[in-house]
Amino acid sequence: MERIKRLFTIKTKFEAFLVIYALALGATERGLVYMHQYPGFGGQLLALACTGAVFMAGGKIIDAVEMQKALSR
């Protein structure tokens with residue numbers, strides 16, 4: 001079980017950036033769908049919320065990787 005757990009653990013900043021990139025691709029796609037479904041200000045606001053969530057999650061992921069590296073020293 002420990003070996004499987006290691007596969008889903010982000011260990012380096014490079015891996016963190018890959019995960020953030022994947023989140024950003026999904027969020028922009030979802031934002032485009034929102035803008036198509038809800039034309040006008042409402043769709044733009046939902047699209048902005050999608051991309052804003054990636055910024056917040058990305059910051060937390062990078063901070064967590066740095067904290068884990070500092071704790072392991």
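Here, each number is a calculation from the coordinates, and none is a lab measurement. Predicted model only: the values in this text are computed from it and were never measured. All Cβ positions, even for glycine, are placed from backbone atoms using ideal geometry, and neighbour counts span all protein chains on display.
Residues that are more than 25 Å from ARG6 (Cα to Cα) and of a type in the set (Gly, Ala, Ser) were ranked within segment 37-73; the one that is surrounded by the most Cβ atoms within 10 Å (Cβ to Cβ) is ALA47.
What is the residue count in segment 18-36 for residues that are free of Cβ contacts under 8 Å to residues at least 12 places away in the same chain and either charged (D, E, K, R) or surrounded by 15 or more Cβ atoms within 10 Å (Cβ to Cβ) (or both)? Break it down stepwise before answering.
Narrowing segment 18-36 to residues free of Cβ contacts under 8 Å to residues at least 12 places away in the same chain: 18, 21-22, 25-26, 29, 33, 36.
Filter once more, so that each one left must be either charged (D, E, K, R) or surrounded by 15 or more Cβ atoms within 10 Å (Cβ to Cβ) (or both): 29.
Matching residues across segment 18-36 total 1.
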